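Input: a single structure, listed below in structure tokens.
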């Protein structure tokens, strides 16, 4: 299991191609607001197209205001990404804090 990184060494939760998603982690910008994160399996490359007909939601995390400052989910069995991983929806998430763990 390793983190998806760009060439500069920063965490980037976006990659084309087949892989196994083992977990996801993100930090909320403000603990006083609701946070939400959704990752999709898409075949249209990056960014996710306006139409969602070719996408499949892999995970959708929600955080409660004043409770969840960090959204984390690790799966018992990896989720197979068939086309490519991309962020479809992110609300109140600190930029650069989304980490996807794959193998």
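The values are calculated or read from the model by the stated rules, or taken from the named source; none is laboratory data. Quick caveat, the model's predicted, so the values are computed rather than measured. Virtual Cβ from ideal backbone geometry, glycine too; neighbours counted across all protein chains shown.
So, of the residues in region 53-66 that are within 13 Å of residue 29 (Cα to Cα) and surrounded by fewer than 16 Cβ atoms within 10 Å (Cβ to Cβ), which turns out to be modelled with the lowest pLDDT?
Looking at residues that are within 13 Å of residue 29 (Cα to Cα) and surrounded by fewer than 16 Cβ atoms within 10 Å (Cβ to Cβ), I get 66.
Can you name the residue in region 76-92 that is more than 19 Å from residue 55 (Cβ to Cβ) and touching a strand residue (DSSP E or B) at 6+ places or on another chain (Cβ under 6 Å) and is also surrounded by the fewest Cβ atoms within 10 Å (Cβ to Cβ) among such residues?
Applying the filter and picking the extreme gives 78.
Go through 17, 45 for me and flag whichever is over 17 Å from residue 91 (Cβ atoms), at pLDDT below 90 and surrounded by 12 or more Cβ atoms within 10 Å (Cβ to Cβ).
The match here is 45.
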